[in-house]
Amino acid sequence: MLETDTGAGGMLEPTALDGVRVITPRWFDDARGAFCETYNRQTLARHGLDVEFVQDNQSISRQAGTVRGLHFQSPPAAQAKLVRVIAGAIWDVAVDIRRGSPSYGQWVGVDLSAESGQQIFIPAGFLHGFVTRTPNAQVVYKCSHVYAPGAEGSVRFDDPDLGIDWGIPVEQAVLSDKDAAAPSFTALDSPFIYEGSS
């Protein structure tokens, strides 16, 4: 993959899905510990990610194997997300649901951990979900639109048409009642339309 230097040694790289990017901030170490810049709107805008984030969320999942997702919000409340882990580790997944996209229905997964500091940027038009690799995993993510209950949608995490490899036996997944009742991918009438490469 082509990596782009974001300045100060940080890296931004594309994934197999157009628009989904992995960001690796640069850490600065000294005798006291370490420091990194986890978000800089100007830096990301220079690399085509000109998004205004308006809400920060944090989740704590007590058990390894907890699955949260697959979720989206419909326009005009659609959300782009910038996801990172501050404790433990997760497998983070994005699924393209932009009608007309050459990668419609395809997914990409990225390991994120507090140790690596890597982040994933997921534009609007994608399902998002993750499974925890460790107990007490804490995930922080920025959203480009506030939570809008009337606009939220979901797809079942283990839908066979998506074929996502979550790295766990699906029957052992720890799910909310809401996620366990999520509809199938074939039932999805996606509100998103592909508008070309981002």
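Annotations
- Number of the condition not met by SER113 [criteria: (1) open to solvent by 20 Å² or more (accessible area, probe 1.4 Å); (2) of a type outside the set (Val, Ile, Thr); (3) over 22 Å from MET11 (Cα atoms)]: (3)
- Residues of the stretch 165-194 satisfying the condition of being touching a residue at least 40 places away in the same chain (Cβ under 8 Å) and closer than 28 Å to VAL51 by Cβ: TRP166, SER176, ASP179, ALA182, PHE185, LEU188, SER190, PRO191, PHE192, ILE193, TYR194
- Considering (1) over 21 Å from LYS178 (Cβ atoms); (2) surrounded by fewer than 20 Cβ atoms within 10 Å (Cβ to Cβ); (3) basic (Lys, Arg), the lone condition that ARG84 does not fulfil carries the number (2).
- Check on TYR141, touching a residue at least 40 places away in the same chain (Cβ under 8 Å), farther than 14 Å from SER61 by Cβ, open to solvent by 20 Å² or more (accessible area, probe 1.4 Å) and of a type outside the set (D, E, K, R): no
- Checking SER59 against (1) touching a residue at least 24 places away in the same chain (Cβ under 8 Å); (2) open to solvent by 10 Å² or more (accessible area, probe 1.4 Å); (3) over 15 Å from TYR141 (Cα atoms), the condition it does not meet: (3)
- If you filter the stretch 170-198 down to residues that are of a type in the set (Asp, Glu) and open to solvent by 90 Å² or more (accessible area, probe 1.4 Å), you find that the one that is nearest to ALA124 (Cα to Cα) is GLU195.
- Contacts under 9 angstrom Cβ, first residue in the stretch 18-32 being in contact (Cβ under 8 Å) with a residue 24 or more places away in the chain, partner assigned to a strand (DSSP E or B) and open to solvent by 100 Å² or more (accessible area, probe 1.4 Å), 6 or more apart: TRP27/PHE35
- Inclusion of PHE72 among residues that are modelled with pLDDT of 90 or more, open to solvent by 20 Å² or more (accessible area, probe 1.4 Å), more than 23 Å from ALA114 (Cα to Cα) and within 16 Å of the chain's Cα centre (by Cα) is warranted.
The values are calculated or read from the model by the stated rules, or taken from the named source; none is laboratory data. Keep in mind the model is a prediction, meaning the values are calculated, not measured. A quick note on method: Cβ atoms are made from the backbone with ideal geometry, for glycine too, and the neighbour counts reach across all protein chains shown. The protein model used for the area step is the full one, side chains on, heavy atoms only, and it has no ligands, DNA or RNA in it. Shrake-Rupley method; radii C 1.70, N 1.55, O 1.52, S 1.80 Å.
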